[in-house]
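These notes concern the structure reproduced below.
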Amino acid sequence: MTTPSDEDERGPGSDPVAASVDVVLPCLDEAEALPRVLERIPPGWRALVVDNGSTDGSADIARRLGARVVHEARRGFGAACHAGLTAATADIVCFCDCDASLDPADLVPFVRRVLAGEADLVLGRRRPRSFGAWPAHARAGNLALARLLRRRTGLRLHDLGPLRAARREPLLALGLTDRRSGYPLEMVVRAADEGWRVAEYDVPYLPRTGASKVTGTWRGTWQAVRDMSRVLAEPPMPRTELPALEGAVR
Ligand SMILES: Nc1nc2c(ncn2[C@@H]2O[C@H](COP(=O)(O)OP(=O)(O)O)[C@@H](O)[C@H]2O)c(=O)[nH]1
Ligand SMILES: [Mg+2]
């Protein structure tokens, strides 16, 4: 597990990494946050905004700001993420929420790590910068989940954050099936079952812009708990043939 000490690796002004990178941005009514998120996409990377029937003009704003817009009729965080992954064409695919709580420029060191062949999946550990950035119940739930994940997979992660990077083809080959709130957890569980090296970087977490669709509501939280419990209850998938991997975070 790594905590970056090189602050200058961050920010859109730094060397953007010579690789093809698509950033998948699940979006449900994020008109207010979109401009701030899209202006932080590192130069040369492509933004894929996955719109799930927003009614606030998010899709038009994203298009006007130069993003490619993918439409996904089926509601759900996982449905949006997976539609983005399926539509992506780059070697590396990143994921970032579209609510301005996370900075896509923080993905630069993640991508470097994947390109260097040092990790197969890199996750951002959310570090709140202010009181209220992360509701207490969401934070506690996430910590409990990290413990359950450790028991199930051996991975010692602190968070199951939405800021991520991995290679596109192996990600698709994980065959993720959850299309709701279990998707981020299923990605990590299946990656662990396949012997992927999973790394974690600290990233600042800011109060979101606009209203929460998932953990900021009781219904969203309840659904997330149900979806994630289902993922953890699934028996491990038979491991596919992979080259020997060393240095997994276990
Ligand atoms: N496309 C799509 N995006 C969603 C859906 N639910 C949530 N999102 C997006 O997923 C991201 C995370 O949702 P958010 O409301 O911030 O969840 P929270 O961080 O748990 O409060 C945001 O960018 C949302 O717009 C959905 O059903 N479809
Ligand atoms: Mg959020």
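Of all residues in region 94-125, those being within 16 Å of ligand 1 (Cβ to nearest atom) and under 11 Å from the mean Cα position of the chain (by Cα) number 11. Residues in region 26-37 that are open to solvent by 20 Å² or more (accessible area, probe 1.4 Å) and touching a Pro at 6+ places or on another chain (Cβ under 9 Å): 0 in all.
Residue-by-condition table, conditions (1) over 28 Å from E32 (Cα atoms); (2) touching a residue at least 40 places away in the same chain (Cβ under 8 Å); (3) not hydroxyl-bearing (S, T, Y):
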| residue | (1), (2), (3) |
| --- | --- |
| R125 | no, yes, yes |
| R129 | no, yes, yes |
| W134 | no, yes, yes |
| A144 | yes, no, yes |
| L148 | yes, yes, yes |
| R156 | yes, yes, yes |
| E186 | yes, yes, yes |
| V189 | yes, yes, yes |
| P207 | no, yes, yes |
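Checking each residue in region 201-224 for being closer than 16 Å to P128 by Cβ and more than 16 Å from ligand 2 (Cβ to nearest atom) picks out Y201, D202. Mind listing whichever residues of region 102-125 are assigned to a loop (DSSP other than H, G, I, E, B) and surrounded by 24 or more Cβ atoms within 10 Å (Cβ to Cβ)? Within region 102-125, L102, A119 meet the criteria. L160 - would you say it is under 18 Å from Y183 (Cα atoms) and within 14 Å of ligand 2 (Cβ to nearest atom)? Against the criterion (under 18 Å from Y183 (Cα atoms) and within 14 Å of ligand 2 (Cβ to nearest atom)), L160 qualifies.
Candidates L160, L148: the one that is of a type in the set (A, V, I, L, M), touching a helix residue (DSSP H, G or I) at 6+ places or on another chain (Cβ under 8 Å) and either open to solvent by less than 40 Å² (accessible area, probe 1.4 Å) or assigned to a loop (DSSP other than H, G, I, E, B) (or both) is L160.
Of all residues in region 50-81, those that are closer than 19 Å to L123 by Cβ, touching a helix residue (DSSP H, G or I) at 6+ places or on another chain (Cβ under 7 Å) and of a type outside the set (F, W, Y) total 2. Contact map, region 38-52: first residue outside any loop (DSSP other than H, G, I, E, B), second residue open to solvent by 10 Å² or more (accessible area, probe 1.4 Å) and within 9 Å of ligand 1 (Cβ to nearest atom), Cβ cut-off under 8 Å, separation 6 or more or different chains; pairs are V50/P26; V50/E72; V50/A83; D51/L28; D51/E72. For the subset of region 91-101 comprising residues that are among the acidic types (D, E) and under 19 Å from A80 (Cβ atoms), which member is surrounded by the most Cβ atoms within 10 Å (Cβ to Cβ)? That would be D99.
Scan region 192-206 for residues that are at pLDDT 95 or above, of a type in the set (A, V, I, L, M, F, W, C) and either under 17 Å from L107 (Cβ atoms) or not in a helix (DSSP H, G or I) (or both) and report the count. Final tally of qualifying residues: 4. From the residues in region 18-31 that are part of a loop (DSSP other than H, G, I, E, B) and more than 11 Å from ligand 1 (Cβ to nearest atom), which one is nearest to N52 (Cα to Cα)? Out of the qualifying residues, it is S20. On inspection, R180 passes the criterion of being within 16 Å of ligand 1 (Cβ to nearest atom), in contact with a Phe, Trp or Tyr (Cβ under 9 Å, 6 or more places away or on another chain) and open to solvent by 10 Å² or more (accessible area, probe 1.4 Å). Restricted to region 59-86, and to residues there that are of a type outside the set (D, E, K, R), in a helix (DSSP H, G or I) and free of Cβ contacts under 8 Å to residues at least 40 places away in the same chain, the residue that is most open to solvent (accessible area, probe 1.4 Å) is I61.
The values are calculated or read from the model by the stated rules, or taken from the named source; none is laboratory data. What you see is a predicted model; the values in this text were computed from it and never measured. When we count neighbours, we look across all protein chains shown, and the Cβ atoms used for this are built from the backbone with ideal geometry, even at glycine. Quick note on the areas: whole protein, heavy atoms, side chains included, nothing else; ligands and nucleic acids left out. Shrake-Rupley method; radii C 1.70, N 1.55, O 1.52, S 1.80 Å.
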